[in-house]
Amino acid sequence: MDDETAVLRSTTGESLALLGVAAKGTVNGLFFDLAVEQRYRNPAATNIEAVYTFPLPTGAVLLDFQVTIGGKLLTGIVVEKKAAEAQYEEAIEKGDTAIMLERAGSGLCTVNLGNLMAGEEATIRYRYAQLLRFEHGSVRLAVPTVIAPRYGDPAQGGLQPHQVPETDLSVEYPFTLALSLRGDIAGGTIASPSHPLALVRTADGVDVTLARSAALDRDFVLTIAGLATPSLAAVAADGEGFVALASFCADVPRSAPQLPLRLKLVLDCSGSMAGDSIDAAKRALRLIFADLSPADRFSFTRFGSHVVHEIDSLVAASPAMIRKAAARAAKSSADLGGTEMEGALSSVFALGGTEGGADLLVITDGEIWGVDSLIAEARSANQRVFVVGIGSAPAEGVLRGLAEATGGACEFVAPNEDAEAAILRMFARLRAPRVEHAEIDWPQKPKWVTPLPRGLFGGETIHVWAGFDAPPIGDVALRLMSATGETPLVARTALPSCDAQDTAFARMAAASRIPSASEDAQLALALHYGLLTDRTNLIVVHARAEGEKAQALPQLHRVAQMHAAGWGGVGSVMPSMAYVACHSVSEFDFAASEMPMRRSRRASTGSVDHAVPPVPSTGSAATDESVDARDGYRFVIVLLDHHLSGSRRTALARTLAELTRFGVAGEISAALAALVAQGHAESDVLRAFFEALVPWAIAMGASRQLLRALRNQFKAPERCAELRSAVAAIVGVPELIAED
């Protein structure tokens with residue numbers, strides 16, 4: 001940008017709080033370190049709460065979190081989640097600025113920037129580290145930048161209401177990136193299927209930058225091919241102890257005859273696959289069909305809102321059946337509605353009856369929220385799930401979690417990426433004998449060691465961490481035993497001498513222990529090593545001088561996602577297609593996209609909100625559809641939450657007439673009106689009513705913004721005590737629910 005302080009606007013003229021994102025990192029061997037800077041400016045005339053949910057790579061460990069605001073550089077601290085939320089809310093109510101970072105489901109984070117004052121700027125910087133992997137002589141690095149719309153209920157993916165991302169077809173955020181490749185990895189063949197690159201060879205390696213301007217509409221993907229794939233090891237001090245990392249790259253025994261496949265092919269034909277994704281998927285299927293042999297057995301299923309079994313049993317891969325399947329795949333379109341993956345895979349698991357032992361190969365963009373039930377069902381069916389993730393912004397956390405938890409594997413293919421290489425790697429995994437037993441031999445007995453992955457495949461890096469009281473000296477070996485009972489394969493590497501204490505290395509080791517630790521140990525590790533987890537948040541509070549504090553609650557400003565390029569057929573990253581710039585929902589054909597859905601509250605937004613039911617029009621009072629016919633006060637909470645988040649207001653109704661326009665009518669309205677008739681001020685009655693709703697709202701999991709607005713009523717406990725008791729009795733506050 002020529003003027004970084006200028007107010008960005010969407011193509012519909014709406015001012016944006018997010019100015020842009022810049023990333024700068026280093027790749028040294030298999031260690032990837034990236035610092036990301038998000039720049040914000042409040043374009044509104046009053047204070048706002050900017051909320052932005054963004055993706056992180058699976059396995060990334062957050063190392064630093066800093067905020068620059070008002071000329072001050074502030075560093076975040078890790079606090080237990082409930083305590084962080086309480087600190088955040090307390091700061092907001094005092095008129096101070098608070099910034100909080102929290103996990104938001106698999107591979108997602110949400111930053112909450114509360115009380116950013118009118119015209120004020122803030123810069124948020126975070127840094128994460130990630131271990132990369134060799135895969136058959138290549139390394140693939142992905143920097144996720146955008147969350148494509150997903151099908152289903154976000155709560156199933158672990159998201160709270162304020163964390164749910166929205167997509168706006170009209171917004172655009174600039175994105176810059178610079179990487180330095182160091183060591184042996186800099187000697188490989190460097191390419192990017194997502195962005196044009198500028199490469200500069202240096203004495204230390206290769207510097208990589210983007211050759212053209214870019215935006216947050218696709219993940220950045222870097223591939224480095226033609227590499228040697230050695231096993232590696234590292235040791236570092238960790239306080240008074242030591243941690244070691246062993247990274248093995250071994251071949252699974254292959255002397256047994258090639259095993260025939262029992263393969264269930266599953267193609268996602270939901271609306272989100274339209275455009276680049278479905279085209280890439282059909283190219284991948286052509287490669288898959290060409291690799292099948294007559295001894296293999298396969299089925300072929302397409303799915304969306306419903307399931308179409310094109311070949312509904314495991315049949316021999318004869319030339320005739322291959323031609324039949326290929327013809328039906330060639331005619332496939334992204335026209336089957338929403339991504340009902342759970343029902344589809346359940347149906348596919350059942351194909352083949354009691355024979356079991358088959359593998360699923362799923363081609364999808366993975367735009368769903370949760371897969372926990374699918375993982376349990378796949379394990380009970382003794383079926384591994386292999387996934388080819390297609391598109392410019394696949395849901396990496398969801399897809400990788402499903403594959404790895406079932407003993408399968410996951411490959412990702414960007415629209416311009418070589419699908420053939422990914423398919424060949426996947427077939428190598430499918431045809432390899434299964435590893436029945438694996439163990440690590442350390443030169444000294446470790447205090448703890450991280451578990452091996454469920455799926456072990458030849459030619460791919462396996463990372464294992466261990467802790468020691470003294471520096472381990474000697475060789476560490478990986479032993480693999482295949483199902484054929486052959487002589488175990490041994491991969492061996494030497495542990496180097498201990499480096500100086502490396503806090504980043506030690507924190508990554510601690511993060512690797514958390515998934516298999518007990519709940520108490522998980523929290524203890526997170527707090528001791530300063531790790532962002534499901535049970536901890538990062539918090540920063542900027543205390544303002546009395547004359548600079550916010551005087552009112554902040555307006556909610558959800559930072560919308562850009563539309564992922566190629567998603568749902570809107571735009572493309574393929575060089576042979578022109579980019580389609582849609583500026584309003586009316587230009588986008590929702591009929592072929594994710595269903596069921598309803599359009600967003602703003603004309604420029606293509607978001608899907610499954611959690612909020614349709615509400616009565618706010619232009620007139622509800623009559624037959626009054627709130628009393630809709631589960632009483634539960635529906636009042638839904639109405640108010642919908643109104644507050646949809647209109648970006650911070651205040652609830654100020655008069656009974658306004659409350660009625662929201663849709664709150666019937667006995668509730670009459671009871672409140674009776675209190676006014678008794679001589680109570682109308683504003684006091686409404687305040688008491690909103691305060692009395694707090695326990696219901698907590699029980700229902702209402703949004704943070706609604707809870708804040710409901711609580712911000714009477715500051716003095718003795719104020720209108722009699723009125724508050726009367727309203728609480730009318731509302732019927734639950735006795736067993738205590739306000740947090």
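Listed values, structure above:
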quantity: Count - residues of region 183-197 that are surrounded by fewer than 19 Cβ atoms within 10 Å (Cβ to Cβ) and more than 29 Å from the chain's Cα centre (by Cα); calculated: 5
quantity: Failed item in (1) touching a strand residue (DSSP E or B) at 6+ places or on another chain (Cβ under 7 Å); (2) at pLDDT below 95; (3) not assigned by TED's automatic domain parsing to the domain that holds VAL490, with PHE248 passing the rest; calculated: (3)
quantity: Region 307-356, subset assigned to a loop (DSSP other than H, G, I, E, B) and among the polar types (S, T, N, Q), residue farthest from TRP369 (Cα to Cα); calculated: SER318
quantity: Test: residue in region 409-430 that is touching a His at 6+ places or on another chain (Cβ under 8 Å) and either basic (Lys, Arg) or part of a loop (DSSP other than H, G, I, E, B) (or both); calculated: yes
quantity: Some residue of region 8-22 being modelled with pLDDT under 95 and among the acidic types (Asp, Glu); calculated: yes
quantity: Condition broken by THR110, with the remaining ones in (1) touching a residue at least 60 places away in the same chain (Cβ under 8 Å); (2) assigned to a strand (DSSP E or B); (3) of a type outside the set (Gly, Ala, Ser) satisfied; calculated: (1)
quantity: Filter result for ARG302 (under 28 Å from PHE457 (Cα atoms) and either in the same structural domain as PRO496 (by TED's automatic domain parsing) or crowded, with 22+ Cβ neighbours inside 10 Å (or both)); calculated: yes
quantity: Residue that is at pLDDT below 90, outside any strand (DSSP E or B) and in contact with a helix residue (DSSP H, G or I) (Cβ under 7 Å, 6 or more places away or on another chain), where the choices are ALA284, ALA290; calculated: ALA284
quantity: Residue that is farthest from the chain's Cα centre (by Cα), among those in region 84-100 that are in a helix (DSSP H, G or I) and of a type outside the set (A, V, I, L, M); calculated: LYS94
quantity: Criterion (surrounded by 18 or more Cβ atoms within 10 Å (Cβ to Cβ) and modelled with pLDDT of 95 or more) met by exactly one of GLU102, GLU121; calculated: GLU102
quantity: Of the criteria (1) assigned to a strand (DSSP E or B); (2) of a type in the set (S, T, N, Q); (3) farther than 21 Å from THR176 by Cβ, which one GLN66 fails; calculated: (3)
quantity: Residue match in region 225-248 (condition: among the aromatic types (Phe, Trp, Tyr) and farther than 23 Å from VAL146 by Cβ); calculated: yes
quantity: Hey, LEU261 within 30 Å of ALA191 (Cβ to Cβ) and either at pLDDT 85 or above or outside the structural domain of GLN130 (by TED's automatic domain parsing) (or both) or not; calculated: no
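The values are calculated or read from the model by the stated rules, or taken from the named source; none is laboratory data. Every value quoted in this text rests on a predicted model; they were computed, and no experiment measured them. Here the Cβ is made from the backbone with ideal geometry for all residues, glycine too, and neighbour counts use every protein chain on show.
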